[in-house]
Structure formats: structure tokens, C-alpha cells
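Worksheet: one structure, shown below.
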Amino acid sequence: MSGGFFQRIRSGLSHTRTAVVDRIVDAVGGRRLDDDTLEEIEEILISADVGVDTALAIVEGLRTRSRETPDADVFDMLQAELEQILAGDDGFDANALPARPYVLLVVGINGVGKTTTIGKLGQRYAEAGRKVIMAAGDTFRAGAVAQLEVWAQRAGADIIRAQQGADPGAVVFDAVQAAISRDADVLLVATAGRLHTKVNLMEELKKVRRSLTKACEGAPHDTLLVLDATTGQNALAQAKSFHEAVPLTGLALTKLDSTARGGIAFALRRELGVPIRLIGVGEGIDDLQSFDGGEFVRALLARE
């Protein structure tokens, strides 16, 4: 992992690090871990949106470790606990496609950075020499289609779209057919985050997913949920709802640079069981980073 990558993540997590590391330093103050100190650490973790259940599990892990090795550094023990939660998470590799065309369904509510995430992914795949098609499955917002068109142009990608209000299932079906006929490597499917009809969003997403499977056996090959880290525990509630409707294979956590609630990454991973694949730590193309759990923890706990 490059030093530049680490510094970018470290900088992006500065708000969360201040909320966690600085306060733990004050709480521990060179003392060994006792019940009062562990309780303080638990409160600090909860305040960073790690979540009550996950914070309790981390503190119990610290308690066990401190009994086994009383002289161990509290941050070394905390790092081990946090890395254990994120163990096995792997990011996106533009050079490794499980299928061709590789169909990636991207879901999430409006305002979380869904279209931007698709655009940056499209650019990453294009830079890796992949032929990319984007499907404008959000047919309910003209602005969403226009934004996707801008990203498609930047990435040199084709875009499949329809008139506003068209059936999203039909649009994504046509997009898969286009991806096959045009010999594309990657199809990135955008979806609505809010419908202006009485149709339930989750039912509409299920229909979109069925249309993808009908058009191409095995599709979607991945379903990525984009979440706004600034919403904290609300992101966990959203994730649970989406996961029940369309089984998720990965999470993209955006806007980590704008919040002290970065602890939500641990709650999501532990309570949902879905790997984090991407994180956003800024507005630039390079600020959408392929997730590495170990690097994330080290950047979060980095001390001067």
C-alpha cells in the first residue's frame, strides 16, 4: 500500500480520529485499563457511531486482552480488535472481473453520492482499459440522468437511457443486451433512490434485479450499496433495509472526510456482515479508494 494512499486516508479520517484517538489518550493517561477506563472508551466509541453492540464487543475484547497481557499498549490492543472486525474485506480491482460483461448494480437513497460513485468507478475501469457502459436506471429524476451522462463522457463510456418515467426494469434489460452486443467489459447500473409514485422503492429494486438476471444469467454479479457516513447509525438502518430487499455483496461508504462518525464502518461490518469495498474521503477522482481494512484501522489510530 503506497504512502500516498495512507496519507489520503489518514487525512480523510481526521475528524473521526480526533473524536476517538485524542479522547482515548486523555482517558487512558498512561494508566492500565480498569473498569472505569474501559467504560470511558466504550462511551468514546459509541460517540463515533461505532454503535452500542459493537462498542461493547470491542471493550470486552480489550478487557480480555488486558488480562492476558497487562502491560500491552492500549492502542495496540484496540488496533487488533478493530482489524479483527474488518478482516477479510477487499476492495474493487479494476483488473479482476468475475464475468464479462461484469454487471454491477448500485443502490442507495438519494444524496449519498451514488451517481458520483458510479462515475468514478467507470473512470477507474476505463483507465484500466475496460470498455464501460452505464445504465441510467433512475428514470424518475432528470437530474440523475444528466449527471450520469457527464460522468459517462468523462470516462468515454456509452450510456443507456430512456425517457423520464420509463420502466427501470426495461431500461436495465436493454442495457445488458447492449453490453453483450457491444462486447463491453463492465456494465454499471444506476438505480432510483426515491420514487415519485406509490410504488415501493424496494419492490422496484427487486424488479430491476430480476430484469438483470433475466437478461444475463448470474447478473448482477455484485450489488453495491452506497452509504453516506455522515448519517451515522441511520446508515446501518438503511443497509439492513436494502440488504433484505436485494442481497448486497459490498458497501461504499462516502463522505468520511466530512464526519466524526467514521466508526459506523465497524458497526456496518460487524452487524450486517457485508464487506466494505470502497470508501470516499474527498471530492477528487482518486478520493474514492478501494477499501483495505488494515490500512483503514492504522490510518484511524495514527498518532503524531
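Only one of the numbered conditions (1) modelled with pLDDT under 90; (2) of a type in the set (D, E, K, R); (3) assigned to a helix (DSSP H, G or I) is not met by ASP71, and that is (3).
Of the helices (runs of 4 or more DSSP H) lying entirely inside the range 183-291, those containing at least 1 residues that are under 25 Å from ARG154 (Cβ atoms) span 201-215.
Under the condition of being out of contact with any Pro (no Cβ under 6 Å at 6 or more places or on another chain) and at pLDDT 95 or above, the residues counted in the range 100-111 number 7. Taken as a whole, the condition of being touching a Pro at 6+ places or on another chain (Cβ under 6 Å) and assigned to a helix (DSSP H, G or I) applies to ALA179. Is it the case, given these coordinates, that ALA170 is crowded, with 20+ Cβ neighbours inside 10 Å and assigned by TED's automatic domain parsing to the domain that holds ALA215? No, not satisfied. Taken over the range 106-164, the criterion of being under 20 Å from SER181 (Cα atoms), touching a residue at least 40 places away in the same chain (Cβ under 8 Å) and out of contact with any helix residue (DSSP H, G or I) (no Cβ under 8 Å at 6 or more places or on another chain) is satisfied by ARG130, LYS131. All conditions but one from (1) outside any helix (DSSP H, G or I); (2) in contact with an Asp or Glu (Cβ under 8 Å, 6 or more places away or on another chain); (3) not aliphatic (A, V, I, L, M) apply to TYR125; the one that does not is (1). Of the candidates THR259, THR254, the single residue that is modelled with pLDDT under 95, crowded, with 20+ Cβ neighbours inside 10 Å and of a type in the set (Ser, Thr, Tyr) is THR259.
Taking (1) closer than 20 Å to VAL132 by Cβ; (2) of a type outside the set (A, V, I, L, M, F, W, C); (3) exposed (fewer than 15 other Cβ atoms within 10 Å of the Cβ) in turn, THR249 satisfies each apart from (3).
Among the candidates ALA267, ALA245, ALA239, the residue that is farther than 23 Å from VAL50 by Cβ, out of contact with any Pro (no Cβ under 8 Å at 6 or more places or on another chain) and small (Gly, Ala, Ser) is uniquely ALA245. Pairing residues of the range 202-219 that are in contact (Cβ under 8 Å) with a residue 12 or more places away in the chain with residues that are among the charged types (D, E, K, R) and assigned to a helix (DSSP H, G or I), at Cβ distances under 9 Å and at least 6 apart in sequence or on separate chains, gives MET202/GLU244; ALA215/ASP174; ALA219/ARG209.
The values are calculated or read from the model by the stated rules, or taken from the named source; none is laboratory data. Just so you know, these numbers come straight off a predicted model, no measurement behind them. Glycine gets a Cβ as well: all are built from the backbone with ideal geometry, and neighbour counts include every protein chain shown.
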